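Heads up, the thing below is written out as structure tokens.
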Amino acid sequence: MTTFVTKGPVAEAQYELFMLTVWVTLAVFILVGGVYVVAIIKFRERPNDDRPMPKQGHGNPLVEIGLIGASILLLVVIAVPTLKAIWFTHDTPDDPESYMGSWYPGEGLAEEEAENPLIVRVIGYQWWWAFEYPQLGITTANEMVIPAGKVVHLELRSVDVIHSFWLPRIAGKVDMIPGRANSMWIQAGDNFARWKEKQGLEGDGPELRGQYASYLEEEIHDYYYGQCAEFCGDSHARMLFRATVVGDDEFASWVESEKVGHDAPDGKSWDEWYAIYDQDPDALTGDLNEGLKIFMARGKCATCHVVKGNPRALGVAGPNLTNIGSRMSIAAGWLNHRNEDGSLDTEKQYENFYKWMAESDVVKPGNLMWKASGGGIGELTDDEGQPALLTDEEIHKLSLYLQSLK
Ligand code: HEC
Ligand SMILES: [Cu+2]
């Protein structure tokens with residue numbers, strides 16, 4: 001997380017404005033501080049000092065008007081680019097190369113979206129993020145995926161308290177306020193035209209396009225860290241998120257896998273699986289089946305979580321768990337299982353799932369999975385209504401089941 005290494009026009013504009021302000025204020029600081037230090041040294045009282053009182057400048061109109069004029073000038077020097085940057089970062093640019101119709105290789109895009117950029121609706125919850133892609137009909141949580149080099153329009157909302165979206169290397173920050181629709185745009189990396197301009201190149205053609213593609217691949221495709229930037233309660237500091245920036249084709253295949261979701265274990269269709277589950281659940285054996293059964297009943301997981309495909313996992317009080325097994329972190333970025341080289345550390349992943357279910361109250365104090373009013377998993381009961389947290393065996397099976405969701 002740094003604002004000094006910028007990847008994309010929004011962060012760049014913000015960085016430039018920041019540096020301008022730093023230089024102006026640094027100059028003021030050195031000037032004022034310098035005069036102050038000179039005055040202290042030159043006019044300090046010395047032993048046996050019989051110099052007369054120095055001439056007083058108080059009330060000198062030239063000095064006063066001069067200083068007022070200088071302040072105004074400096075404010076203008078800062079204000080003009082500030083206003084420019086505010087407009088620039090506020091209005092989602094109309095960039096034909098970012099129109100969904102011109103780059104999105106996937107299927108099922110409505111015709112009227114062809115001239116719109118990709119829209120992601122970011123919704124803040126205590127203490128996690130939902131990312132909806134209304135044009136594509138998918139929802140994910142805590143790890144957004146966006147295409148490199150394309151303008152993406154973000155709609156920012158909150159369901160509870162004020163949060164703030166901050167993805168330092170790409171853009172920041174805009175508050176997410178309950179009852180109010182804020183928006184911003186982001187772009188990971190430059191578009192073709194801006195890249196050419198920076199490189200001092202002109203024209204078009206396969207060779208130039210190839211160079212541009214490798215710029216995106218080498219410098220922009222990456223795993224970016226984000227963070228909620230507005231104090232929002234107990235686990236605010238543990239409300240992180242990730243943005244994976246990928247190429248167009250990879251984006252489309254990710255969308256596809258989110259749309260399709262998952263089959264039941266053993267390659268069964270959900271109809272088949274539920275037919276057995278409703279009649280004779282004991283006939284469903286093996287770790288994944290057992291894990292799924294706990295997910296559906298004893299653990300109450302499905303009352304709060306969606307797993308795409310599964311027609312009875314429809315809860316929306318918690319993050320969407322579709323493809324959770326392919327994500328590099330859980331608990332809003334707080335528990336990580338990504339190796340340095342970008343691959344998935346499956347052992348660590350298992351540990352993280354386990355830890356999250358065994359003691360999510362310790363991992364993220366106050367979180368609403370452990371203790372939601374009316375039934376988080378810290379309040380699970382047995383058939384007699386006595387408190388009965390998940391056993392080690394149950395957590396083990398659930399972890400294996402969650403790992404299989406990829
Ligand atoms: C009362 C609703 C509720 C129930 C029941 C519930 N969860 Fe959750 N779950 C949540 C919430 C809310 C979060 C987000 C917590 C946070 O990060 O602050 C969450 C987060 C998670 C995550 C991390 C998701 C991510 O995107 O990082 C996993 C995995 C998970 N739950 C699995 C389960 C399992 C397995 C069960 C059943 C044993 C379960 N949950 C039961 C509400 C619930
Ligand atoms: Cu927050």
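Can you find a residue in region 365-376 that is in a helix (DSSP H, G or I) and within 10 Å of ligand 1 (Cβ to nearest atom)?
No, there is no match, as no residue in region 365-376 is in a helix (DSSP H, G or I) and within 10 Å of ligand 1 (Cβ to nearest atom).
Please specify each residue of region 297-312 satisfying the condition of being surrounded by fewer than 20 Cβ atoms within 10 Å (Cβ to Cβ) and in a helix (DSSP H, G or I).
ALA302, THR303 - these are the residues of region 297-312 that are surrounded by fewer than 20 Cβ atoms within 10 Å (Cβ to Cβ) and in a helix (DSSP H, G or I).
For region 319-370, enumerate the residues that are within 16 Å of ligand 2 (Cβ to nearest atom) and small (Gly, Ala, Ser).
Residues satisfying the conditions are ALA331, ALA332, GLY333, GLY366.
Give ASP222, ASP271 a once-over and let me know the one that is in the same structural domain as GLY325 (by TED's automatic domain parsing) and more than 16 Å from ligand 1 (Cβ to nearest atom).
ASP271
When you go through LYS293, LYS300 one by one, which is the residue that is more than 29 Å from VAL174 (Cβ to Cβ), at pLDDT 95 or above, basic (Lys, Arg) and within 16 Å of ligand 1 (Cβ to nearest atom)?
Of the residues listed, the single one that is more than 29 Å from VAL174 (Cβ to Cβ), at pLDDT 95 or above, basic (Lys, Arg) and within 16 Å of ligand 1 (Cβ to nearest atom) is LYS293.
Could you list all residues from region 158-179 that are more than 17 Å from THR89 (Cβ to Cβ) and either within 16 Å of ligand 1 (Cβ to nearest atom) or crowded, with 21+ Cβ neighbours inside 10 Å (or both)?
Within region 158-179, SER158, VAL159, ASP160, VAL161, HIS163 qualify.
Matching residues to (1) under 23 Å from TRP103 (Cα atoms); (2) among the small types (Gly, Ala, Ser); (3) within 16 Å of ligand 2 (Cβ to nearest atom):
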| residue | (1), (2), (3) |
| --- | --- |
| GLY149 | yes, yes, no |
| HIS153 | yes, no, no |
| HIS163 | no, no, yes |
| GLY172 | no, yes, yes |
| ILE177 | no, no, yes |
| GLU197 | yes, no, no |
| GLU230 | no, no, yes |
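Just checking, which of PRO134, PRO147 is under 18 Å from the mean Cα position of the chain (by Cα) and farther than 20 Å from GLY226 by Cβ?
Criteria check complete, one pass: PRO134.
The values are calculated or read from the model by the stated rules, or taken from the named source; none is laboratory data. These numbers were taken from a predicted model, which means no experiment stands behind them. Every residue, glycine among them, receives a Cβ derived from its backbone with ideal geometry; neighbour counts consider all protein chains shown.
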